[in-house]
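Encoded as structure tokens, the structure appears first; notes follow it.
The values are calculated or read from the model by the stated rules, or taken from the named source; none is laboratory data. The structure displayed is predicted, hence computed values, not measured ones. Here the Cβ positions follow ideal geometry from the backbone for every residue, glycine too, while neighbour counts run over all protein chains shown.
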Amino acid sequence: MFSQDLFESSQLNTLTNWFQEPLGWTYPLEINIPDLTTPETGFPVCILLHGFGGNGNQLVYQYQNILNTQILIAPTGYMNSWNISNEPSKAPDVEMISDLVNQLQLFNNINSDKIRIIGFSNGAALANRIFIENYNSGIDIICSIVSQLSEAQYHNDNFYYPSNGTNGNQEFNGYNDIAIPLIGRKYLNIGNINDPIIPYFGGAAVGVNFLNSLNSIYLIAKSQGYQGDILSDEEGIEIDGSSTYEYNYLSNQVVHLKGNSGHNLNTYQQQYLVNYLESSPDYGDLNQDNLVNILDVVILVNYVLQNINQSIEYDLNQDDNINILDIILLINIILV
């Protein structure tokens with residue numbers, strides 16, 4: 001186990017091999033550490049995943065003054081892409097990120113329970129793969145920017161991952177094995193109705209069939225225990241007259257932002273991202289002590305035993321009933 005801090009000059013192992021690089025290939029990695037006193041529990045970490053044709057260095061330069069309270073780690077994908085369906089890269093990106101997270105969690109100046117994944121476009125598709133396929137509970141927040149779930153990742157009422165690699169010529173791009181996402185993570189998706197690359201309302205693009213963005217976020221919410229109805233387009237809440245609308249599930253655990261900024265973020269969306277990363281988890285924190293633990297279970301059990309059914313914040317799965325199902329969901333959140 002490491003007994004040292006992470007520095008911008010630290011060498012992390014991202015060497016891997018696959019059929020395109022049988023002798024091995026190392027993912028380039030950019031590291032930025034805030035010029036701040038290390039918090040008692042360590043810095044949170046944002047792993048930034050670039051879009052198709054981009055690189056990690058560009059993302060760190062763009063976000064080092066925006067996400068300035070978090071360590072930024074930005075790998076560059078093979079051939080400047082991430083392996084989703086028919087990209088030029090067939091690299092084991094999900095496995096690389098999993099190994100990278102495991103390494104980061106060993107450093108003294110890192111909060112091992114606050115590793116965040118933020119993906120943009122092609123990188124957002126990889127972030128969605130990580131949401132579906134990775135079971136490290138230290139990854140507490142996943143943000144997918146300008147790309148929602150695809151039919152490959154969710155079809156036949158289940159989430160899927162590619163057990164034998166991705167292939168744009170196969171049914172559902174090779175996503176053939178059922179996966180069950182980890183419960184308890186926060187998830188933010190941001191999309192725009194006028195995106196010229198990723199169709200907000202679903203459809204075929206870049207070799208992938210996308211789901212409607214509102215359907216996509218509903219499925220994410222259901223995977224986290226939500227049992228209510230899908231939020232309609234009209235139920236979005238506009239943010240400060242900005243033409244940016246919030247769709248909020250599970251007391252801010254799962255959120256979608258709808259805007260009209262093309263394949264980019266507007267100022268409101270960007271600030272929302274910053275606030276989302278810095279907010280304390282309130283989903284399941286019934287006594288509001290910034291912790292979700294057995295004390296919250298005791299509160300909820302007493303609430304159910306007293307047969308009180310009026311406090312909406314105790315209805316964790318939002319099915320309009322407060323009962324044993326909410327207790328089970330809260331226990332599952334704590335256990336992971």
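Quick one: which strands (runs of 3 or more DSSP E) sit completely within the range 23-135 and have at least 3 residues that are crowded, with 19+ Cβ neighbours inside 10 Å, of a type in the set (A, V, I, L, M, F, W, C) and in contact with a Leu (Cβ under 8 Å, 6 or more places away or on another chain)?
So the answer is 43-49, 71-75, 110-120.
Just checking, does the range 155-171 include any residue being surrounded by fewer than 22 Cβ atoms within 10 Å (Cβ to Cβ) and closer than 15 Å to Cys46 by Cβ?
no
Quick grid of which residues meet (1) assigned by TED's automatic domain parsing to the domain that holds Val146; (2) in contact with a Lys or Arg (Cβ under 9 Å, 6 or more places away or on another chain); (3) in contact (Cβ under 8 Å) with a residue 24 or more places away in the chain; (4) among the aromatic types (Phe, Trp, Tyr):
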{"site": "Ser9", "(1), (2), (3), (4)": "no, no, no, no"}
{"site": "Phe19", "(1), (2), (3), (4)": "yes, yes, yes, yes"}
{"site": "Leu23", "(1), (2), (3), (4)": "yes, no, no, no"}
{"site": "Tyr27", "(1), (2), (3), (4)": "yes, no, yes, yes"}
{"site": "Thr41", "(1), (2), (3), (4)": "yes, yes, yes, no"}
{"site": "Gln62", "(1), (2), (3), (4)": "yes, no, no, no"}
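Kindly indicate whether any position in the range 100-122 is without any contact (Cβ under 8 Å) to a residue 40 or more places away in the chain, in the same structural domain as Gly184 (by TED's automatic domain parsing) and in contact with a helix residue (DSSP H, G or I) (Cβ under 8 Å, 6 or more places away or on another chain).
no
When you scan the range 208-298 for strands (runs of 3 or more DSSP E) that lie fully inside it, which ones turn up with 1 or more residues that are closer than 17 Å to Cys143 by Cβ and at pLDDT 95 or above?
245-249, 254-259
Looking at (1) exposed (fewer than 14 other Cβ atoms within 10 Å of the Cβ); (2) in contact (Cβ under 8 Å) with a residue 60 or more places away in the chain, which is the one condition that is false for Thr267?
Evaluating Thr267 over (1) exposed (fewer than 14 other Cβ atoms within 10 Å of the Cβ); (2) in contact (Cβ under 8 Å) with a residue 60 or more places away in the chain leaves (2) as the failure.
When you look at Ser144, is it part of a strand (DSSP E or B), over 22 Å from Ser213 (Cβ atoms), assigned by TED's automatic domain parsing to the domain that holds Phe172 and out of contact with any Asp or Glu (no Cβ under 9 Å at 6 or more places or on another chain), yes or no?
no
Does Glu8 fit the bill of being more than 19 Å from Val274 (Cβ to Cβ) and more than 25 Å from the chain's Cα centre (by Cα)?
No.
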